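The values are calculated or read from the model by the stated rules, or taken from the named source; none is laboratory data. Bear in mind the structure is a predicted one, so any value in this text is a computation, not a measurement. For neighbour counting, all protein chains shown are included, and Cβ atoms are generated from backbone atoms with ideal geometry for every residue, glycine included. Only protein heavy atoms, including side chains, enter the accessible area calculation; ligands, DNA and RNA are left aside. Shrake-Rupley method; radii C 1.70, N 1.55, O 1.52, S 1.80 Å.
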Amino acid sequence: MKKYNYFISALMVSALLLTSCGNQNGNGGSNSALASNNAEKVYVAPGEQDEFYAFMSGGYSGNITVYGLPSGRLFKEIPVFSQFPTSGYGYSEETKPMLNTSFGFVPWDDAHHPDISQTNGELDGRWIFINGNNTPRIARVSLSTFETEEIIELPNSAGNHSSSFITENTEYVVAGTRFSVPVPQRDMPINEYKGNFKGALSFISIAPDTGRLNLDFQMMMPGFNYDLSHPGRGKSHGWFFFTTYNTEEANSLMEVNSSQNDKDFIAAVNWKMIAEYVKNGGGTKMATEYAHNVYDEHTHSATSTMKKEVITVDPTKVPGAVFFLPTPKSPHGCDVDPSGQYIIGNGKLSADLTIHSFDKMIAAIEGKKFDGEAYGIPILKFEDVLAGTVKSGGLGPLHTEFDDKGNAYTTFFISSEVVKWKLGTWEVLDRQPTFYSVGHLMIPGGNSRKPFGKYVVAMNKITKDRYLPTGPEMEHSAQLYDISGDKMELIYDFPTHGEPHYAAGIPAELLAPKSKKIYRLDDNKHPFAVTSPDQAKVVREGKEVHVYMSTIRSHFTPDNIEGIKVGDKVYFHITNHEQDFDVPHGFAMIGQNTSELLIMPGQTKTSLWEPKKVGVWPFYCTDFCSALHQEMQGYVRVSPADSDVPLTYTLGE
Amino acid sequence: MKRASILMIIGPLFLLGLYFFPLWNIMLGAPQYPEPLGMDIYIDGIKGANEFDIQNIDGLNHYIGMRKLPKPEEMWEFGTFPIVIGIMVGLGVLIGILGFAGKISYIWFLGWFVLMSILGVMGMYDFNAWMVDYGTNLDPNAIMKLANPDGTPMSYKPPLFGHAKMLNFDVTSLPAAGAWAMFIGMCLTLAAFYIGWKKAPKSDTSLTKKYATQ
């Protein structure tokens with residue numbers, strides 16, 4: 001009955017909003033004045049540049065898309081977990097190892113939550129991290145090359161969803177499991193889930209200079225669903241908070257069976273304590289298997305290493321490190337305000353937001369005010385840790401971000417709106433509709449100690465009539481709101497690629513100056529690179545043929561190759577000799593069972609071709625590189641397997 | 001005369017700037033080069049305004065059949081100019097010192113200035129001749145062979161001074177810091193001469209007499 005009331009009030013609120021919108025037409029044309037003002041706010045004139053970068057996860061595209069704010073212009077798609085024929089990522093010999101896992105080559109993933117590296121809780125723009133939800137992985141992307149540099153697989157995890165969030169000095173990137181599983185995996189009846197499955201929370205350390213990832217330890221938590229997480233910051237630095245649902249530990253018809261408990265938990269984890277415990281030899285070494293893939297900017301190549309061991313930590317063995325904070329109705333978003341005082345759990349089946357107080361939590365722990373335990377983990381009393389409740393009037397709260405003026409902004413999926421409220425007083429200050437069914441929202445720096453509270457982007461799950469129809473499948477819609485004033489103003493609406501779950505924004509001035517323009521040819525350490533055209537050659541090793549090829553506007557060296565035979569494996573190792581910004585060359589061979597390559601200045605990439613037919617077969621540059629681009633082509637003569645045509649390679653003869 | 005001589009000692013020293021700063025700068029901007037390519041011409045060689053500009057200018061020039069920009073060892077000028085400048089600095093300072101010591105008259109100051117001016121004009125003439133050759137002596141197998149409206153083959157000589165439109169490029173050629181240092185230095189020597197002349201008594205004999213009586 002209570003729920004029903006909220007629904008009615010939500011309806012009434014939207015009705016009010018609709019009427020007030022309609023009334024504005026009568027207010028002496030203020031509507032059009034407002035509209036033109038908003039147009040100016042998002043208009044980035046030709047030749048001008050945006051104020052912020054927005055990195056949006058691609059969801060099922062597996063990648064990250066880079067947009068400008070406020071214009072909403074798409075700048076780039078960065079391939080992370082998915083093969084990407086545009087650049088040859090995951091197709092080239094150098095990048096295939098990036099997608100290696102303990103399950104073999106997995107050419108796709110579901111990318112969810114990007115997070116930018118921080119120093120002292122402020123965005124530093126060195127790297128962006130993102131999680132693969134399906135085959136649990138964490139990736140690190142360089143923000144000077146905008147290329148994926150590292151992917152680490154997570155064993156014992158499944159549905160890598162409460163990831164990839166970083167601690168305030170980029171000590172750890174943290175990844176929690178959404179689907180608890182048997183650990184170690186074994187053949188057992190599904191309905192024996194309860195009490196037997198585990199939820200692993202992985203803490204991956206980050207080397208401060210190189211960014212290199214290392215799976216430091218995994219906490220083996222009770223078999224709940226660890227949904228989202230955020231680190232403590234400022235006073236709560238050293239803690240990490242995870243929302244949970246399915247504390248019922250149901251294993252079927254979850255939408256009903258895991259929605260029965262009135263309260264689930266936010267798990268508060270003192271990671272500093274556990275890291276110390278592990279450092280001092282605590283934890284259990286467990287045999288397992290997971291891939292660690294690293295791309296080197298200088299060799300332009302990735303290597304994949306299979307790791308065999310992980311340290312697991314039983315949380316009950318580290319007293320004082322883990323506590324449960326009861327939080328109503330299957331909380332989804334788990335967000336921490338810039339001061340680190342408030343931990344916000346959004347019960348997605350509720351109308352209210354629950355805000356826990358870090359200070360109260362510490363007091364309750366010190367006073368040992370426990371309300372029982374779950375699998376040996378103390379449960380704090382809800383009333384003892386509660387800081388306040390936001391009575392929002394909306395339905396289905398999901399995620400919260402923060403501005404730099406003490407306000408919070410929460411999305412409501414069911415009532416399709418963003419609600420602005422005040423930290424500390426919990427009063428609702430404003431609400432704006434979204435179109436439609438908003439998931440995450442993003443304020444640049446809005447999950448750090450220093451938000452840049454000028455815009456909020458709402459990322460919606462449903463598009464319907466927002467754009468020209470494109471058949472049954474449409475891109476998702478995003479709305480941009482100006483939040484610099486007291487009231488939020490909807491100023492723009494733009495489609496986004498894939499399904500952006502979360503996004504991370506950063507002022508352009510922090511990134512643009514250090515964006516790389518070229519790779520230095522004299523820094524190229526690729527074993528098959530040719531640093532001057534006279535080193536170009538073709539070498540046969542049995543059935544393998546290695547073509548050491550260079551490109552510069554507008555020819556390949558060599559461009560005529562003879563002596564290739566049916567059944568050979570021909571590796572084209574192509575080095576782009578340009579040292580000029582934005583002059584890539586491409587490479588594609590007729591009938592090749594892989595994608596083209598796009599090779600950046602100073603870079604070497606390798607394409608495999610297994611010729612199946614006798615003949616003379618052309619290859620060409622796929623990037624319109626110059627006025628003579630159309631002439632940038634060559635031929636390979638393929639002879640029968642038993643022929644004795646000598647191996648030759650020429651240019652301009 | 002002492003003040004004039006000090007100026008005459010300082011003036012030529014400004015030419016030392018030519019060893020550190022470019023004499024001339026040519027910038028090439030185009031729609032697809034919003035950050036223009038550029039070359040800085042030093043007395044001992046040509047360098048890119050940015051690290052890879054020379055390679056990129058050569059890369060573009062190959063379409064129209066221009067030769068690659070010369071390396072220092074490919075032009076005698078880049079070996080000779082530093083020596084000539086060195087000699088002129090030494091000579092100028094020496095004249096200044098001798099003037100200070102009262103051994104020679106201010107007329108020598110003008111002499112140095114005139115000699116330096118002649119060398120400068122010769123240098124400019126030589127530079128221009130190289131640019132004419134570089135811009136017109138093209139590869140007969142060039143990828144793009146363009147003609148002027150009157151049918152004559154298009155040449156690509158950059159302007160010696162100022163701006164010119166060449167195909168899609170806006171080319172601006174201007175003296176750079178080294179030339180300005182040289183200009184200031186030469187002005188100082190001219191000023192040295194002027195002051196020397198103004199302060200001098202009516203005739204050289206009276207000047208000698210004055211010093212002799214001191």
- Note on the structure: Screening A:TYR571, A:TYR548 for residues that are assigned by TED's automatic domain parsing to the domain that holds A:THR622 and touching a residue at least 40 places away in the same chain (Cβ under 8 Å) leaves only A:TYR571
- Task: Scan the strands (runs of 3 or more DSSP E) fully inside region A:59-157 and keep the ones with 1 or more residues being crowded, with 22+ Cβ neighbours inside 10 Å and among the charged types (D, E, K, R).
- Result: A:115-119, A:137-142, A:148-153
- Selection within region B:37-53 - within 14 Å of chain A (Cβ to nearest Cβ) and touching a residue at least 12 places away in the same chain (Cβ under 8 Å): B:LEU37, B:GLY38, B:ALA49, B:ASN50, B:ASP53
- Item | Failed condition for A:SER205, given (1) over 20 Å from the mean Cα position of the chain (by Cα); (2) of a type outside the set (Lys, Arg); (3) more than 23 Å from A:THR327 (Cα to Cα) | (1)
- Task: Given the conditions (1) within 14 Å of chain B (Cβ to nearest Cβ); (2) assigned to a loop (DSSP other than H, G, I, E, B); (3) within 30 Å of A:LYS612 (Cα to Cα), report the number of the one that A:THR551 does not fulfil.
- Result: (2)
- Item | Tabulated pairs, region A:59-80, first among the acidic types (Asp, Glu), second part of a strand (DSSP E or B), C-beta under 8 angstrom, 6+ apart or interchain | A:GLU77/A:ILE64; A:GLU77/A:THR65; A:GLU77/A:VAL66; A:GLU77/A:PHE84
- Residue identified as open to solvent by 20 Å² or more (accessible area, probe 1.4 Å) and within 24 Å of A:GLY234 (Cα to Cα) among A:ASP359, A:ASP371: A:ASP359
- Item | Candidate set from region B:146-185 (those that are at positive phi and away from chain A (no Cβ under 14 Å)); member that is least open to solvent (accessible area, probe 1.4 Å) | B:GLY162
- When every residue in region A:468-489 that is in contact (Cβ under 8 Å) with a residue 24 or more places away in the chain and open to solvent by 60 Å² or more (accessible area, probe 1.4 Å) is compared, the one nearest to the chain's Cα centre (by Cα) is A:SER484
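Here is a yes/no grid of residues against (1) under 22 Å from A:THR303 (Cα atoms); (2) small (Gly, Ala, Ser):
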residue: A:VAL174; (1), (2): no, no
residue: A:PRO189; (1), (2): no, no
residue: A:GLU192; (1), (2): no, no
residue: A:GLY195; (1), (2): no, yes
residue: A:GLY199; (1), (2): no, yes
residue: A:ILE206; (1), (2): yes, no
residue: A:ASN214; (1), (2): yes, no
residue: A:MET220; (1), (2): no, no
- Note on the structure: Only one of (1) within 27 Å of A:ILE343 (Cα to Cα); (2) open to solvent by 20 Å² or more (accessible area, probe 1.4 Å); (3) not small (Gly, Ala, Ser) does not apply to A:VAL438, and that is (2)
- Message: Between a residue in region B:86-113 that is more than 12 Å from B:MET8 (Cβ to Cβ) and any residue that is aromatic (Phe, Trp, Tyr) and part of a loop (DSSP other than H, G, I, E, B), which pairs come within a Cβ distance under 6 Å, given they are 6 or more apart or on different chains?
- Response: none
- Task: Any chance you could count how many residues in region A:492-507 are open to solvent by 20 Å² or more (accessible area, probe 1.4 Å) and touching a residue at least 40 places away in the same chain (Cβ under 8 Å)?
- Result: 5
- Residue that is surrounded by the fewest Cβ atoms within 10 Å (Cβ to Cβ), among those in region A:564-583 that are among the acidic types (Asp, Glu) and within 13 Å of chain B (Cβ to nearest Cβ): A:ASP582
- Message: Can you tell me how many residues within region B:3-42 are open to solvent by 10 Å² or more (accessible area, probe 1.4 Å), in contact with a Phe, Trp or Tyr (Cβ under 6 Å, 6 or more places away or on another chain) and under 30 Å from B:LEU190 (Cα atoms)?
- Response: 2
- Determine, yes or no, whether B:LYS68 is within 14 Å of chain A (Cβ to nearest Cβ), basic (Lys, Arg) and in contact with an Asp or Glu (Cβ under 8 Å, 6 or more places away or on another chain). yes
- Task: Kindly indicate which of B:ILE107, B:ILE118 is among the β-branched types (Val, Ile, Thr), open to solvent by 50 Å² or more (accessible area, probe 1.4 Å), under 17 Å from the mean Cα position of the chain (by Cα) and away from every other protein chain (no Cβ under 14 Å).
- Result: B:ILE118
- Are any of the residues in region B:54-68 open to solvent by less than 20 Å² (accessible area, probe 1.4 Å), over 24 Å from B:GLY185 (Cβ atoms), in contact with a strand residue (DSSP E or B) (Cβ under 8 Å, 6 or more places away or on another chain) and touching a residue at least 40 places away in the same chain (Cβ under 8 Å)? no
- Note on the structure: Only one of (1) open to solvent by 50 Å² or more (accessible area, probe 1.4 Å); (2) within 14 Å of another protein chain (Cβ to nearest Cβ); (3) closer than 22 Å to B:ASN128 by Cβ does not apply to B:GLU74, and that is (2)
- Note on the structure: A:ILE561: passes all of (1) open to solvent by less than 10 Å² (accessible area, probe 1.4 Å); (2) touching a Pro at 6+ places or on another chain (Cβ under 8 Å); (3) outside any loop (DSSP other than H, G, I, E, B) but (2)
- Item | Members of region B:121-145 that are among the hydroxyl-bearing types (Ser, Thr, Tyr) and either surrounded by 13 or more Cβ atoms within 10 Å (Cβ to Cβ) or in contact with a helix residue (DSSP H, G or I) (Cβ under 7 Å, 6 or more places away or on another chain) (or both) | B:TYR134, B:THR136
- Reported set for region B:186-204 where residues are open to solvent by less than 30 Å² (accessible area, probe 1.4 Å), in a helix (DSSP H, G or I) and small (Gly, Ala, Ser) is B:ALA192, B:GLY196
- Message: Please go through region A:515-548 and give me each residue that is in a strand (DSSP E or B) and open to solvent by 20 Å² or more (accessible area, probe 1.4 Å), ordered by number.
- Response: A:LYS537, A:VAL539, A:ARG540, A:GLU541, A:GLU544, A:TYR548
- Task: Might you let me know whether region A:329-340 holds any residue that is assigned by TED's automatic domain parsing to the domain that holds A:ASN257, in contact with a helix residue (DSSP H, G or I) (Cβ under 8 Å, 6 or more places away or on another chain) and open to solvent by 40 Å² or more (accessible area, probe 1.4 Å)?
- Result: yes
- Those residues that are over 17 Å from A:HIS332 (Cβ atoms), crowded, with 20+ Cβ neighbours inside 10 Å and either in contact with a Lys or Arg (Cβ under 8 Å, 6 or more places away or on another chain) or not assigned by TED's automatic domain parsing to the domain that holds A:ALA478 (or both), I need them from region A:418-431; list them, please. A:LYS420, A:ARG431
- Note on the structure: Over region B:147-200, the set of residues of a type in the set (S, T, N, Q) and either touching an Asp or Glu at 6+ places or on another chain (Cβ under 7 Å) or closer than 30 Å to A:ALA627 by Cβ (or both) is B:ASN148, B:THR152, B:SER155, B:ASN168, B:THR172, B:SER173
